[in-house]
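Structure first, then comments.
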Amino acid sequence: MALRSQLLRTVYNGSQARQFSEARKERAGVTKLREVLEDRLQDIKKAKTWKHERIITSPQDRKVTVQGAKGEFLNFCANNYLGLSNHPEVVEAAREGLKKYGAGLSSVRFICGTQSIHKDLENRIAEFHGREDAILYGSCFDANAGLFESMLTPEDAVFSDTLNHASIIDGIRLCKAQKFRYPHRDLNELEHLLAHSEARIKLIVTDGVFSMDGTVAPLKGLRTLADKYRALLAVDDSHATGFFGETGRGTEEYCGVPGAADIICSTLGKAVSGAAGGYTTGPRELVTLLRNVSRPYLFSNAPPPPVVAASLKSLELVDRSSELRQRLQDNTRAFREGLQSAGLTVSGDQHPICPVMVEAPLAVELASGMLERGIYVVAFSYPVVPKGAARVRVQLSAAHTPEDVKRAVDAFATVGKDIGLVK
Ligand SMILES: Cc1ncc(COP(=O)(O)O)c(C=O)c1O
């Protein structure tokens, strides 16, 4: 009885919650913060860069339901390239991982956060890419944030494409190496920078595929320059791993230069399971160094077992058959050709990221018109993309049927006419 009343006393109830909020008087520091942030929020609104988040009430899939909207939407804006985010085998593997290994580790890797499946996945990733070793992170953002500071010192230099992902930019900011940026895919300018550098380690870093543009890095030329100037090449293959290239090995395979990268960083949050996680794979000594000094790895929890199990299953599916990759390629081709015959401009290379280019004021109108027709796509304009390069970014998936793709093409043609984009 005594124990029961003690337990009852420790239950947090509504009246205690009220007491907490009543006791919390506004403090001067918080009032100041509100004022400052209100100004900044207004600036974001004025700059028209406010992010409106739609709330999805279904699993991530070819079709989704959205809070406050009737019916289902065909989803053309996820990185669900292979359609594995809600694949029955992947979901089942995650469930099994949960049952066998629990919800999470309550620890970073080096204290007591490494389970056998973490090692299994790291070995599998290294084997998948044909590299010596691999290290897992909570995300690819973390992998990039933890790479440059760990491996480069002021004696070294890093050369980065201007359109590289934010996580590469931030990762480079954190390191003390000499920093150079070369114009997007400009090998001449890169060569000029490399030729004038006396740095000990020279590291060229590029996205394999650039996420806003669907453009592919010139890996062959980058490798040639790396060899000529004794440099290393690091590739972030987040928009390629698992589906780009004949066997899904990514941009190297697509460009016909397998093994071109010395270091690959990639994500487990896009084609491969779509859950979360990232990694770096490459020379054994580098991976060992990262395990010892890379801060996002050392000071952040181990990836949760269901997520690890889902990634293992996804890599198995990637290698089991080329069917999903073939479907994705067919969908990409049909969409690009369909839009071009409808008189719309799709930029980028033959990749499932398809930016439909429009004048800035029409980008939002185009995306809204598509949404009214049950197709979920997103508009991007300056400063997310350069001035004069507004677009609606479409992403194809292996989960889409040929009918889905046709529906999207027809809707683009109709809305394009409605808003005066095509004559
Ligand atoms: C090129 C690139 N690198 C890294 C990331 C970050 O991946 P993650 O979601 O695993 O942090 C993204 C995600 O948008 C990306 O496009």
### T247 being among the β-branched types (V, I, T) and within 15 Å of the ligand (Cβ to nearest atom)
no
### Task
Please go through region 333-363 and pick out each residue that is modelled with pLDDT of 95 or more and among the charged types (D, E, K, R).
R333, R336, E337
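How about region 220-244: which of its residues are within 12 Å of the ligand (Cβ to nearest atom) and under 19 Å from I169 (Cα atoms)?
Selection gives A234, V235, D236, D237, S238, H239.
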#### Entry: Residues satisfying the stated conditions in region 178-199, i.e. open to solvent by 10 Å² or more (accessible area, probe 1.4 Å) and in contact (Cβ under 8 Å) with a residue 12 or more places away in the chain
Q178, K179, F180, R181, P183, H184, R185, L187, E191, L193, A195, S197
### Query
How about region 81-145: which helices (runs of 4 or more DSSP H) wholly inside it have at least 3 residues that are away from the ligand (no atom under 16 Å from the Cβ) and basic (K, R)?
88-101
#### Entry: Inter-residue pairs, beta-carbon under 7 Å, first aliphatic (A, V, I, L, M) and in region 162-176, second outside any loop (DSSP other than H, G, I, E, B) and open to solvent by 60 Å² or more (accessible area, probe 1.4 Å), 6+ apart
I172/K179; L174/E149
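The values are calculated or read from the model by the stated rules, or taken from the named source; none is laboratory data. What you are looking at is a predicted structure, and each value in this text was computed from that prediction instead of being measured. Glycine also receives a Cβ, built like all others from the backbone with ideal geometry; neighbour counts cover every protein chain displayed. Quick note on the areas: whole protein, heavy atoms, side chains included, nothing else; ligands and nucleic acids left out. Shrake-Rupley method; radii C 1.70, N 1.55, O 1.52, S 1.80 Å.
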